[in-house]
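Below: the structure, in structure tokens.
Here, each number is a calculation from the coordinates, and none is a lab measurement. Just so it is clear, the structure is predicted and the values come from calculations on it, not from any experiment. Don't worry about glycine lacking a Cβ; one is built from the backbone with ideal geometry, like all the others, and counts go over all protein chains shown.
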Amino acid sequence: MNHPIHRVVSFDPAGPYTLRVGFEDGTEQTIDFRPVLEGEIFGPLRDPDLFRQVQIDPEVHTLVWPNGADFDPATLYDWQRAGKRLEALARQWTLPGDHSSAA
């Protein structure tokens, strides 16, 4: 299977938990991360202060957060399709008894 290689080259805030992400080929995706902010890794990103600490990792060219959360750049590039799959998975990542949702 041929896995396309993409690199994140820029990002800008576009709303609460939403980033406009630029790629090496000049394309952009505006991604609302709220539906996937669940579970042990991504759940802490519901804290707006932590979410805003996003950076581009210079080695792997993707978005990373101080708690170790990151996304494959190919997933970000194809968010229209891949994001839907992650949303379904995120419902399974919700910790038992954790019924909070991203604001």
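Each peptide in 62-73, 80-91 receives the mean, over its residues, of other Cβ atoms within 10 Å, and ordering these scores from highest gives 62-73, 80-91.
Summarising the label geometry, the points placed 7 Å from Cα in the beta-carbon direction at R20 and I5 lie 2.9 nm from one another.
This ranking places V54, V60 by how few other beta-carbon atoms lie within 10 Å of each, fewest first, which gives V60, V54. Report, to one decimal in Å, the Kirkwood hydrodynamic radius for the chain based on all distinct Cα pairs. 14.0 Å is the Kirkwood radius here. Overall, the chain carries a charge dipole of about 320 debye about its Cα centre when +1 sits on the Cβ of Lys and Arg and -1 on the Cβ of Asp and Glu, all other atoms neutral. Taking 0.36 nm per intervening residue step and subtracting the Cα-Cα distance, what contour gain separates R81 from I41 on full extension? So the extension gain works out to 12.3 nm. For F11, the residues 5 or more places off, or on other chains, whose built amide H falls under 5 Å of its own are G22.
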